[in-house]
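K.L.:
Shown below is the structure under consideration.
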Amino acid sequence: MIRPTHEAETEDLVAMAEGTGVFKPIEIEALRDLLTYHRDEGHAVGHQAVTLERDGVPVGFAYFAPTVMTDSTWHLYWIFVSKTVQARGLGAELLKFVETEIRSADGRMLLIETSSLPMYEQTRKFYLKQQYEQEAMIRDFYSAGDHQVIFRKLL
Ligand SMILES: CC(C)(COP(=O)(O)OP(=O)(O)OC[C@H]1O[C@@H](n2cnc3c(N)ncnc32)[C@H](O)[C@@H]1OP(=O)(O)O)[C@@H](O)C(=O)NCCC(=O)NCCS
């Protein structure tokens, strides 16, 4: 089941994100802040935070939003699946859900940004397998040698 994220599960989701081993401490803090922002303001401007559950237990999360000053372009800001159940199709299920929600809101395009570092190689393959195209790369965006890779899909 995929459902709106509850405020009470913030710390569980933060722990799940940490457990994936790919996010920096600054990103983990940003996730906590984002969940607070979503509660206070984001949900009112179309931002969506969703939790994927299996047997009543949260095992995945996604956060997506319409991109300001565009005509129906959206961004996926977060997606992760618990380390213990990765590579079993749950990430694909979550991303399909996100796409369906955006289509039903008349979204036209979804952009996803990630890092060029080797530890994100499986993540980049995941987006390619979900029919995203690598649209752009901004060299040294996150830090020297850590480029931003932008994936794009027309919905
Ligand atoms: C990226 C992520 C959301 C994908 O979800 P998932 O449930 O693991 O992926 P799926 O089972 O739906 O798809 C598997 C495919 O994705 C790729 N993949 C991504 N992460 C993988 C992992 N940890 N282990 C194996 N394959 C992985 C592979 O190409 C795999 O295809 P294959 O089985 O043919 O080799 C998840 O692995 C994750 O949370 N990773 C860490 C956090 C992260 O990188 N988030 C995105 C930041 S931009």
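K.L.:
From E7, E11, E29, which residue is in contact with a His (Cβ under 9 Å, 6 or more places away or on another chain), farther than 25 Å from L155 by Cβ and surrounded by fewer than 19 Cβ atoms within 10 Å (Cβ to Cβ)?
P.N.:
Result: E7 is the single residue among E7, E11, E29 that is in contact with a His (Cβ under 9 Å, 6 or more places away or on another chain), farther than 25 Å from L155 by Cβ and surrounded by fewer than 19 Cβ atoms within 10 Å (Cβ to Cβ).
K.L.:
Out of all the residues in the stretch 99-116, is one or more without any contact (Cβ under 8 Å) to a residue 24 or more places away in the chain, within 15 Å of the ligand (Cβ to nearest atom) and in a helix (DSSP H, G or I)?
P.N.:
No, there is no match, as no residue in the stretch 99-116 is without any contact (Cβ under 8 Å) to a residue 24 or more places away in the chain, within 15 Å of the ligand (Cβ to nearest atom) and in a helix (DSSP H, G or I).
K.L.:
Out of the residues in the stretch 117-134 that are of a type in the set (S, T, Y) and either part of a helix (DSSP H, G or I) or in contact (Cβ under 8 Å) with a residue 60 or more places away in the chain (or both), state the one that is farthest from the ligand (Cβ to nearest atom).
P.N.:
For the stretch 117-134, the residue satisfying everything is Y127.
K.L.:
Being surrounded by fewer than 14 Cβ atoms within 10 Å (Cβ to Cβ), under 17 Å from F23 (Cβ atoms) and either touching a strand residue (DSSP E or B) at 6+ places or on another chain (Cβ under 7 Å) or at pLDDT 95 or above (or both) narrows it down to one of E113, E121, so name that one.
P.N.:
Selected residue: E121, the only one of E113, E121 that is surrounded by fewer than 14 Cβ atoms within 10 Å (Cβ to Cβ), under 17 Å from F23 (Cβ atoms) and either touching a strand residue (DSSP E or B) at 6+ places or on another chain (Cβ under 7 Å) or at pLDDT 95 or above (or both).
Conditions (1) aromatic (F, W, Y); (2) modelled with pLDDT of 95 or more; (3) closer than 23 Å to W74 by Cα; (4) part of a strand (DSSP E or B), marked per residue:
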position	(1), (2), (3), (4)
A8	no, no, no, no
V14	no, yes, no, no
A17	no, yes, yes, no
I26	no, yes, no, no
L31	no, yes, yes, no
L34	no, yes, yes, no
A44	no, no, yes, no
A49	no, yes, yes, yes
G60	no, yes, yes, yes
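K.L.:
Another one. Need pairs with beta-carbon distance below 8 Å; first residue farther than 15 Å from A62 by Cβ and within the stretch 26-42, second hydroxyl-bearing (S, T, Y) and part of a helix (DSSP H, G or I); sequence gap 6+ or separate chains.
P.N.:
Taking only residues 6 or more apart or on different chains, the pairs are R32/T10; T36/T10.
K.L.:
Right, next: E41 fails exactly one of the following numbered conditions: (1) of a type outside the set (S, T, N, Q); (2) out of contact with any Asp or Glu (no Cβ under 9 Å at 6 or more places or on another chain); (3) under 20 Å from S104 (Cβ atoms). What is the number of that condition?
P.N.:
Only one criterion is unmet by E41, namely (3).
K.L.:
Return a yes/no flag: does the stretch 63-70 have any residue that is assigned to a helix (DSSP H, G or I) and either over 17 Å from the mean Cα position of the chain (by Cα) or closer than 16 Å to G19 by Cβ (or both).
P.N.:
no
The values are calculated or read from the model by the stated rules, or taken from the named source; none is laboratory data. Just so we're clear, the structure is a prediction, and the values are computed from it rather than from any experiment. In this analysis, Cβ positions are derived from the backbone assuming ideal geometry, glycine residues included, and neighbour counts consider all displayed protein chains.
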